[in-house]
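So the structure is just underneath, and the comments pick up after that.
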Amino acid sequence: MRPAGRGDLLSPFEIAQMNLTSPPVMAFGAGAVAVLARRNLRLPTALYTVLSGWLLASIGIKGGVALSHTPLAAIALPAAATILLGTAIPVGVYALLRRRSRFGVADAAAMAAHYGSVSAVTFTAAIAFLDATATPYEAFMPSLLVMLEVPAILVALTIARMRSGSSAGWGHAVREVVTGRGIVLLAGGLVAGIAVGASGVAKVPSWFTAAFLIALTLFLLDMGMSAASRLRDFRVAGGYLTVFALAAPVVHGLAGVTLGTLVGMSAGGAAVLGIMAASASYIAAPAAVRIALPEANPGYYLTTSIGITFPFNLVVGIPLMISVARWMA
């Protein structure tokens, strides 16, 4: 766990203000404004790939180093809480959306996969903010990110398979999730961090970790443009899904913070667990859904996850969950 710092002294208003004026969030806003002003600031595909890989590998290595000297007992309950969230959230989302008759099995399951899984970028932005404010949190949080990424997608696809009676593409989709680039980089980083430990990572050039915030800022500039480009699809999502995409992160996030607090995590750790639960996947989940549920409407799950929930969490969700976690601690 990181030592306590000035983040413990900030008021909820100051937390929100610092988050809004942080370089990553401001870069996200600049990207959105660029799209609205019809200016193309998109990163070259090669640079985008390098930055995303850098972020994921760095997160994994950092978590692996923490795991190398973390007793199993210390992570057992947080891991159980994470898996519970990864199972309960997709089941709840599917049941809720199926109550609306216009959402069929495929669309409801696709939304369940996205909202049960996790956004690594939202997680990274939260960690960067906690680091900037010296707020303490459990250093093994990246391992929980890996644990939350996969189960929810598998649960959602299993529900769809059971309800539709079809297994077409299911096995391929599972392989896509497990061997996807994000999981491989995160898991690979975890293994590398565990293998080399703190002494091994100390030999890594300092610029590799020092440039993390720069990489995140550039990445979120591009994400701001991606999110803003989805504005035209709001009519496809409709009013009901728009409300859902704003309410779900609050409900899921509060559940995550509560569970984190109950299993003895620090306020910072419980906040990160809440932020992970509040987030929606837009990398691993879309890849799996396109294979297993090709009939699902991308206008629903992409617009809500990246066009609504992602910016909401970046601007509101992170400071909200940190404030709630501190209040519960």
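The values are calculated or read from the model by the stated rules, or taken from the named source; none is laboratory data. Nothing here was measured: the structure is a model prediction, and the numbers come from that model. Here the Cβ positions follow ideal geometry from the backbone for every residue, glycine too, while neighbour counts run over all protein chains shown.
Residues that are within 14 Å of residue 114 (Cα to Cα) and among the aliphatic types (A, V, I, L, M) within the range 145-162 comprise 148, 150, 152, 153, 154, 155, 156, 157, 159, 160, listed in sequence order. For the range 209-219, enumerate the residues that are under 15 Å from residue 62 (Cα atoms) and at pLDDT 60 or above. Listed by number, the residues that qualify are 210, 211, 212, 213.
Within the range 242-259, none of the residues are of a type in the set (Phe, Trp, Tyr) and either touching a Gly at 6+ places or on another chain (Cβ under 9 Å) or surrounded by fewer than 18 Cβ atoms within 10 Å (Cβ to Cβ) (or both). Cβ-Cβ distances below 8 Å connect no pair with a first residue in the range 30-58 that is free of Cβ contacts under 8 Å to residues at least 24 places away in the same chain and β-branched (Val, Ile, Thr), a second residue that is surrounded by fewer than 16 Cβ atoms within 10 Å (Cβ to Cβ) and assigned to a helix (DSSP H, G or I), and a separation of six or more residues or different chains.
Go through 186, 148, 144 for me and flag whichever is touching an Asp or Glu at 6+ places or on another chain (Cβ under 9 Å) and modelled with pLDDT of 85 or more. Being touching an Asp or Glu at 6+ places or on another chain (Cβ under 9 Å) and modelled with pLDDT of 85 or more holds for just one of 186, 148, 144, which is 144. For the range 308-329, a residue qualifies if it is surrounded by fewer than 24 Cβ atoms within 10 Å (Cβ to Cβ) and farther than 16 Å from residue 16 by Cα, and the qualifying residues are 328, 329.
When the range 75-103 is filtered for residues that are free of Cβ contacts under 8 Å to residues at least 60 places away in the same chain and surrounded by fewer than 17 Cβ atoms within 10 Å (Cβ to Cβ), the ones remaining, listed by number, are 76, 95, 99, 101, 102.
For the range 131-155, a residue qualifies if it is in a helix (DSSP H, G or I), hydrophobic (A, V, I, L, M, F, W, C) and within 17 Å of the chain's Cα centre (by Cα), and the qualifying residues are 141, 144, 145, 146, 147, 148, 150, 152, 153, 154.
What number of residues in the range 37-50 are part of a helix (DSSP H, G or I) and either surrounded by 12 or more Cβ atoms within 10 Å (Cβ to Cβ) or hydroxyl-bearing (Ser, Thr, Tyr) (or both)?
5
Each row is one residue, and each column tells you yes or no for (1) among the β-branched types (Val, Ile, Thr); (2) closer than 21 Å to residue 86 by Cβ.
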residue: 263; (1), (2): yes, yes
residue: 267; (1), (2): no, no
residue: 272; (1), (2): yes, yes
residue: 285; (1), (2): no, yes
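Just wondering, is there one or more residues in the range 86-102 that are out of contact with any strand residue (DSSP E or B) (no Cβ under 7 Å at 6 or more places or on another chain), assigned to a helix (DSSP H, G or I), under 25 Å from residue 268 (Cα atoms) and among the hydrophobic types (A, V, I, L, M, F, W, C)? So far as the range 86-102 goes, yes, one or more of its residues are out of contact with any strand residue (DSSP E or B) (no Cβ under 7 Å at 6 or more places or on another chain), assigned to a helix (DSSP H, G or I), under 25 Å from residue 268 (Cα atoms) and among the hydrophobic types (A, V, I, L, M, F, W, C).
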